[in-house]
Amino acid sequence: MLSVLSYGRFVARAVLGGLSQTDGRDYKLISASYGFGKDFRKGILKKGMCYGDDACFIARHKTADVLGVADGVGGWRDYGVDPSQFSATLMRTCERLVKEGRFTPSHPVGILTSGYYELLQNKVPLLGSSTACIVILDRRSHRLHTCNLGDSGFLVVRAGEVVHRSDEQQHYFNTPFQLSIAPPGAEGVVLSDSPEAADSSSFDVQLGDIILTATDGLFDNMPDYMILQELKKLKTTNYESILETAQSIAKQAHDLAYDPNYMSPFAQFACDNGLHVRGGKPDDITVLLSIVAEYTD
């Protein structure tokens, strides 16, 4: 039997839960980005929002805020193809679709599918491959709709704990799911997944929730507890504070990537697959950091 005090707490939680579900306010994301190209020793943004072979975008529409990250597959460089062109073009195309309103907030894979098929229809094929992650906040419903193909991904953090996250998709060790465009005649040889194969999810967010969207350059070098330690430094919702925290996270991941004695998440994963590896994993790093706030524009 519930005590009077326990019953009071139960009712309070129920009432507050009901209020949160019927909150008539619109929400928005306040977002900042930072990153490093693998070949650079400091954060350098290439044309567009690209760090090395990574690419990203932050876009707004009247109904939603949309984020995207993509990681170009570096192996194409061995065949004379710039891997950054595929990921950058994919993200620019997805961003344009959002700004034109050609998407449904509850269906992020639709953005990814439309963007990819536009690339397929180019008269001059844009060869390459990329992972991709799309995150959409529906302002009115307060739901976060996501799709993730490969080993980029996102975390939702509330009160210092991870309450929701993406699932990594790997064919086998260090071979993530990816969108690809192959040269004529090589379609069956180059690994290529359908955008519809992306893992999709929906999640109710609350004011103050932190959303971290990133490429594998972050997750391969920083475990959750390190990321959460950095996020504790984020005390306000102003853009400058969010950018400073994004920089701090990206810089720490970058430093760890070049530490030969560090047992990184990537090294641990390699050991689990029978490989004797130690150290960080030098890679491009892209971090998009967002806070859920009340829409007041």
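Tabulated results
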quantity	calculated
Selected from Leu149, Leu207, Leu218 as most flexible by GNM, with the chain as the system and alpha-carbon contacts under 10 Å	Leu207
GNM result for the chain, Cα springs below 10 Å: residue of Gly75, Gly279, Gly115 fluctuating most strongly	Gly75
With all protein chains modelled, accessible area of Phe219 [1.4 Å, Å²]	40 Å²
Pairs from Lys28/Lys235; Lys28/Lys251; Lys28/Lys233; Lys99/Lys251 whose Cα-Cα separation, in the structure shown, is over 24 Å	Lys28/Lys251; Lys99/Lys251
Anisotropy class of the stretch 82-203 from Cα gyration tensor, a/c 1.5 cut	oblate
Accessible area (Å², per residue) of the chain, counting only protein heavy atoms and a probe of 1.4 Å	48 Å²
Residue with peak Gaussian network fluctuation, the chain [Cα springs, cutoff 10 Å], from Val69, Val205, Val163	Val163
Accessible-area composition of the stretch 154-267, carbon plus sulfur, in percent [1.4 Å probe]	51 percent
Whole-angstrom gap from the stretch 212-255 to the stretch 84-161, using each part's C-alpha centre	21 Å
Sparse-neighbourhood loop sites, trypsin sites (Lys or Arg not before Pro) in the stretch 90-165 - DSSP loop, at most 15 other Cβ within 10 angstrom	Arg102, Lys123, Arg140
Gain on full stretching of the segment that runs from Glu294 to Thr175 - 0.36 nm per residue minus C-alpha separation	38.9 nm
Listed residues Ile211, Ile181, Asn221: farthest to the positive end of the dipole of the stretch 169-221 (Cβ charges)	Ile181
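The values are calculated or read from the model by the stated rules, or taken from the named source; none is laboratory data. Model, not experiment: these values are computed from the prediction. Cβ coordinates were reconstructed from backbone atoms using ideal geometry, including for glycine residues, and neighbour counts include every protein chain displayed. When the accessible area is computed, the model is the full protein with side chains, heavy atoms only, and any ligands, DNA or RNA have been set aside. Shrake-Rupley method; radii C 1.70, N 1.55, O 1.52, S 1.80 Å.
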